[in-house]
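Below: the structure, in structure tokens.
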Amino acid sequence: MTLRNTKEGTLDRRAVAAELLRDPGDLLVVTGLGSSSYDAGAAGDRDLNFYLWGAMGGAAMIGLGMALARPDKHVLVLTGDGEQLMGIGALATLGAQALPNLSVAVVDNTQFGETGHQTSHTGLSTDLAAVAAACGWATTTTAWTMDEVKALTPRLRKEPVFAVIKIAPAEVPRFLPPRDGAYLATRFRAALGIPPT
Amino acid sequence: MSNLTRQPSTWQEGVYAALKAANIKQLAYVPDAGHAHLIEAAHADPEMKAVVLTTEEEGVALSAGAWLGGQRCCMLMQSSGVGNTINMLSLPQNCRLPFFTLITMRGEWGEFNPWQVPMGSATETVLKAMGVQVRRADSPDDVADIVAYSASLAFDSLIPVAVLLSQRLIGAKVFVK
């Protein structure tokens, strides 16, 4: 077994997000700052998408808090390699909790795309799926093809899967979802039926 | 507590009772000896989810997710961990979310370890710089009340609030007996 899985992918990131978020139902979605938030917005803005525009490294932990609070719903964290690397300890924290209703999909372009395409650790030496497995995640996988992504879509909504999805590092046009955090939080809670304080 | 009429016999029990009364359901922590009672009580409580963290900014993000899902979280950390939370504190501010944390102080009263002093000295300044309301408990007589009213402040006003548990209150760590 090789632990190094540092090659670039070829998948189009928007097509990946559109597939993962197709007909999402009541899936609770948290997106990491930068391109993952743009991808999820481009796939269709919805009240149960919580986009980060900052708080780098926090997406997976927000997902954990949600999943603990709402065992009746499934939570999908959609983030990038740079965002997950900054919160790499969260893979251990989530692994220790081993919740049945929380999945993480890392859309991995092996680069810090937002800041000038500097190579990230996943392009140098780090295999995040292997890290997650070593942190106790029972199901980890790496997808390289659209068929593999399509097979992941239903699993990411009902199983605790940690998936790395290898995408092409190409730039795509910006799509800007709402960035008013209070608006995003208020509409998210309202969509869950939580009354205002 | 199973017997609701029993008065807490220690201030630590009083603090845990205050967290329960505030309807806290998730207790996140980076351990500290001063929080040991709360951590043990949370693990023993089937109605409380105790979440051990690798670093303190995780707890700020967890608290946000808990609130978005309709639950209340409290994070336990020590003063040295406050430095790790700074940028993540933009999350409750931007999203107008409550954040509630109890912080055991180091480096201020009988400290043996000089490495605790810089962050301990800067803890309150750093929290206030990031817009966190800071309260301080020095006496075992009022710490449970301070925790109770600070929780109300955080969750009723949707703002970040920290309670500093002074080193004089918790007792300095003994390195050499």
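Residues of region A:145-156 being surrounded by 14 or more Cβ atoms within 10 Å (Cβ to Cβ) and either small (Gly, Ala, Ser) or more than 14 Å from residue A:17 (Cα to Cα) (or both), which ones?
A:155
Report yes if some residue within region A:103-112 is under 16 Å from residue A:134 (Cα atoms), surrounded by fewer than 24 Cβ atoms within 10 Å (Cβ to Cβ) and in contact with a Phe, Trp or Tyr (Cβ under 6 Å, 6 or more places away or on another chain); otherwise report no.
Looking through region A:103-112, none of the residues is under 16 Å from residue A:134 (Cα atoms), surrounded by fewer than 24 Cβ atoms within 10 Å (Cβ to Cβ) and in contact with a Phe, Trp or Tyr (Cβ under 6 Å, 6 or more places away or on another chain).
I'd like the residue in region B:5-39 that is more than 24 Å from residue B:172 (Cβ to Cβ) and of a type in the set (S, T, N, Q) and, out of all such residues, is surrounded by the fewest Cβ atoms within 10 Å (Cβ to Cβ).
B:5
One residue is enough: does region A:128-145 have a residue meeting the conditions of a type outside the set (A, V, I, L, M), under 18 Å from residue A:31 (Cβ atoms), in a strand (DSSP E or B) and at pLDDT 95 or above?
Filtering region A:128-145 down to residues of a type outside the set (A, V, I, L, M) leaves A:135-137, A:139-142, A:144-145.
Within this subset, residues satisfying the condition of being under 18 Å from residue A:31 (Cβ atoms) are none.
No, region A:128-145 contains no residue that is of a type outside the set (A, V, I, L, M), under 18 Å from residue A:31 (Cβ atoms), in a strand (DSSP E or B) and at pLDDT 95 or above.
Counting only residues that are of a type in the set (A, V, I, L, M, F, W, C) and either modelled with pLDDT under 95 or assigned to a helix (DSSP H, G or I) (or both), how many does region B:102-117 have? Write out each step before concluding.
Taking region B:102-117 and keeping what is of a type in the set (A, V, I, L, M, F, W, C), we get B:102-103, B:105, B:109, B:112, B:115, B:117.
Keeping just the survivors that are either modelled with pLDDT under 95 or assigned to a helix (DSSP H, G or I) (or both) gives B:109, B:112, B:115, B:117.
Qualifying residue count, region B:102-117: 4.
Could you tell me how many of the residues in region A:35-51 are under 12 Å from residue A:185 (Cα atoms) and either facing chain B (nearest Cβ under 8 Å) or in contact with a Lys or Arg (Cβ under 8 Å, 6 or more places away or on another chain) (or both)?
Count: 3.
Exactly one condition in (1) among the small types (Gly, Ala, Ser); (2) assigned to a helix (DSSP H, G or I); (3) closer than 30 Å to residue A:83 by Cβ is not met by residue B:162; state its number.
(2)
List the helices (runs of 4 or more DSSP H) that sit entirely inside region B:21-101 and contain at least 1 residues that are away from every other protein chain (no Cβ under 11 Å) and modelled with pLDDT of 95 or more.
Details: elements: B:36-44, B:57-69, B:79-82, B:90-95.
Per the criteria, B:36-44, B:79-82.
Hey, residue B:114 hits all of (1) under 21 Å from residue B:63 (Cβ atoms); (2) away from every other protein chain (no Cβ under 14 Å) but one; which does it fall short on?
The single condition residue B:114 does not satisfy is (1).
Report, by residue number, each residue of region A:53-68 that is under 11 Å from the mean Cα position of the chain (by Cα) and closer than 12 Å to residue A:37 by Cα.
A:59
The values are calculated or read from the model by the stated rules, or taken from the named source; none is laboratory data. Predicted, not measured: the structure shown is a model, and the values here were computed from it. Because the Cβ atoms are built from the backbone with ideal geometry, glycine has one as well, and the counts that use them run over all protein chains shown.
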